[in-house]
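**Student:** I have a structure here, written as structure tokens, and I will follow up with some questions on it.
The values are calculated or read from the model by the stated rules, or taken from the named source; none is laboratory data. Because the structure is predicted, anything quoted here is derived from the model rather than measured. Virtual Cβ from ideal backbone geometry, glycine too; neighbours counted across all protein chains shown.
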Amino acid sequence: MFMTSRYAAQDLLHFATALLERAGLDHDKAGIVADILLEGDLLGHDTHGLHLLAPYLGELERGSMTKTGRQVVLHDKPAALTWDGRRLPGPWLVATAIDEALPRARDFGSCSVAIRRSHHIACLAAYLGRVTDQGMAIVLTSSDPNNRGVAPHGGRRGVYTPNPIAAGWPTGGDPVLIDVSTSISTNGMNMRLRAEGRKFPGQWMIDNEGNPTDDPAAARTDPPGALLPLGGVESGHKGYALGLLVEMLTQGLAGDGRADPQLGWSANVFLQIFDPAAFAGYHDFVRQTAFLAAACRDTPPRPGFDRVRLPGERALQRRTVQLLDGVSLHPSIMPALAPWAGKLGSAAPAPLAA
């Protein structure tokens, strides 16, 4: 059993912001990146929260993440934008895209943004509240054209990335928040389990002979194994199809991706924001979403479940608790940040008393 420590959320935010700024990232970008990483941990996505801060600092030091400047606007229609992200920090680019798309969605009913050559964008769920708090809905997807960790259904070699799909919409109460990979697991979880000498809960990968396995070390053989699409060996055609959909949205619409030279750790992004008021109206939208939410919650639970929950419900409860009682960090995070704290001259926050 790993022991975790809790930290005040504001202390973590200040620490992460200071490290990013001292690594050379623009002040405005550092604050947004730190906020999105912290939000990932608040929601419980601890492989895509502050766990990413040390690798991001390494990318800044190597010059693989752009420290300053803005995106290049390639196309600008009233309700459709295409950007070249110039390998700027993904959290800043996505937050900026949301800020740009929200007023346009109010004017035109919806607005879509495709971003090529972003750096990694961290936890997709961390962005959703920025839209649902405004009474609007969002679909957000990403892929990494330089990674090939997921096998297509029926194949034995990796071709594409876990390609998450996230979405959020209001219900009149807590919003529905979805953040799911189109593969059974993620690269981040694969790396964590491998480092800890642990196995997957099931046969979530194939080895390089195409045999199902629960061993994350299969990703490090020569040639490597691959993660299975969502649905696994039996129903992986479903996750495979969704993964291809994400590639179309993030790389096809952005006009840049796997068919182009490799850039290193990166992301392509597609997001679309909808204003329910521009369709049948906000009142009727929430009348429908609230009815379905209540119907799901009121469903009698099957054995092993105390009740039916909505996507994002546990994450929002966890967020509320952690803002009050402190953020529980995975025990690998602070040791990974300690060398950076020393190098960049920023003291790590003290954990809260047990």
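**Student:** Looking at (1) in a strand (DSSP E or B); (2) surrounded by 22 or more Cβ atoms within 10 Å (Cβ to Cβ), which one does PRO162 not meet, given that it meets all the others?
**Tutor:** Evaluating PRO162 over (1) in a strand (DSSP E or B); (2) surrounded by 22 or more Cβ atoms within 10 Å (Cβ to Cβ) leaves (1) as the failure.
**Student:** Any residue that is within 22 Å of LEU50 (Cβ to Cβ), in a loop (DSSP other than H, G, I, E, B) and either assigned by TED's automatic domain parsing to the domain that holds GLN272 or acidic (Asp, Glu) (or both) - is there at least one of those in the range 91-99?
**Tutor:** There is no residue in the range 91-99 that is within 22 Å of LEU50 (Cβ to Cβ), in a loop (DSSP other than H, G, I, E, B) and either assigned by TED's automatic domain parsing to the domain that holds GLN272 or acidic (Asp, Glu) (or both).
**Student:** Please enumerate the residues belonging to the range 284-305 that are free of Cβ contacts under 8 Å to residues at least 12 places away in the same chain and in contact with a helix residue (DSSP H, G or I) (Cβ under 9 Å, 6 or more places away or on another chain).
**Tutor:** ASP284
**Student:** Okay, moving on. So MET65 clears everything in (1) in contact with a Lys or Arg (Cβ under 9 Å, 6 or more places away or on another chain); (2) buried (at least 19 other Cβ atoms within 10 Å of the Cβ); (3) assigned to a helix (DSSP H, G or I) except one condition, right? Which one?
**Tutor:** Single failed check for MET65: (3).
**Student:** With respect to the numbered conditions (1) outside the structural domain of GLU59 (by TED's automatic domain parsing); (2) at pLDDT 95 or above, which one is the sole condition not fulfilled by MET189?
**Tutor:** (2)
**Student:** If we scan the range 265-279, do we find a residue that is assigned by TED's automatic domain parsing to the domain that holds GLU100, surrounded by 14 or more Cβ atoms within 10 Å (Cβ to Cβ), farther than 23 Å from ALA79 by Cβ and at pLDDT 95 or above?
**Tutor:** yes
**Student:** Find all pairs meeting these conditions: Cβ atoms under 8 angstrom apart; at least six residues apart or on different chains; first residue within the range 306-330 and within 19 Å of LEU128 (Cα to Cα) and touching a residue at least 24 places away in the same chain (Cβ under 8 Å); second residue part of a helix (DSSP H, G or I) and basic (Lys, Arg).
**Tutor:** LEU310/ARG297
**Student:** Which residue, of PRO145, PRO152, is under 30 Å from GLU209 (Cα atoms) and crowded, with 24+ Cβ neighbours inside 10 Å?
**Tutor:** Exactly one of PRO145, PRO152 is under 30 Å from GLU209 (Cα atoms) and crowded, with 24+ Cβ neighbours inside 10 Å, namely PRO145.
**Student:** If you don't mind, another one. Quick one: count up the residues across the range 14-62 that are surrounded by 24 or more Cβ atoms within 10 Å (Cβ to Cβ) and on the phi > 0 side of the Ramachandran plot.
**Tutor:** 0
**Student:** I've got another one for you. Filtering the range 256-276 down to residues that are in contact (Cβ under 8 Å) with a residue 60 or more places away in the chain and among the aliphatic types (A, V, I, L, M), which residue is farthest from GLU100 (Cα to Cα)?
**Tutor:** LEU263
**Student:** Next question. ARG319: closer than 19 Å to ALA167 by Cβ, basic (Lys, Arg), outside any helix (DSSP H, G or I) and in contact with a helix residue (DSSP H, G or I) (Cβ under 8 Å, 6 or more places away or on another chain), yes or no?
**Tutor:** No; evaluated as a whole, the condition is false for this residue.
**Student:** OK, next. Of the numbered conditions (1) in contact (Cβ under 8 Å) with a residue 24 or more places away in the chain; (2) on the phi > 0 side of the Ramachandran plot, PRO223 fails exactly one; give the number of that condition.
**Tutor:** (2)
**Student:** Within the set of pairs 6+ apart or on separate chains, which have a first residue in the range 54-68 that is in the same structural domain as ALA23 (by TED's automatic domain parsing), a second that is among the small types (Gly, Ala, Ser) and assigned to a helix (DSSP H, G or I), and C-beta atoms under 6 Å apart?
**Tutor:** Once the first residue is in the same structural domain as ALA23 (by TED's automatic domain parsing) and sits in the range 54-68, its partners that are among the small types (Gly, Ala, Ser) and assigned to a helix (DSSP H, G or I) give ALA54/ALA336.
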